[in-house]
1. Just to be sure I understand, how many residues within segment 39-78 are open to solvent by 60 Å² or more (accessible area, probe 1.4 Å) and within 16 Å of residue 13 (Cβ to Cβ)?
2. Mind checking which pairs have a first residue in segment 6-26 that is open to solvent by 60 Å² or more (accessible area, probe 1.4 Å) and a second that is among the small types (Gly, Ala, Ser), Cβ under 7 Å, 6 or more apart or different chains?
Amino acid sequence: MRIADLAKGERARISSIEAISPELDAKLREIGFCEGDEVELVARGPFGGQPLAVRLNRRIIAIRGEEASAIIVDLTGE
């Protein structure tokens, strides 16, 4: 499952990052996305559901669909 597949309010743990380019991988890691971190989908934007607002390490981060699709997660069951 990917962050882009989460429903609003769902929490998950990052299992891997599968970016289509090394640049995107580096960007996501610089923002703070890392394997083992917990994320929560806070909101979806009004235009095609983008951008996505994601809570990561007590911060809200807006990411595009391409970025959200690169982050593989497992539901935490909370």
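1. So the answer is 7.
2. Matching pairs, first to second residue: 8/43; 13/36; 18/70; 20/70.
The values are calculated or read from the model by the stated rules, or taken from the named source; none is laboratory data. The structure presented is a predicted model; accordingly, all values stated were derived computationally and were not measured. We place every Cβ from the backbone using ideal geometry, glycine too, and count neighbours over all the protein chains shown. For accessibility, only protein heavy atoms count, side chains too; no ligands or nucleic acids. Shrake-Rupley method; radii C 1.70, N 1.55, O 1.52, S 1.80 Å.
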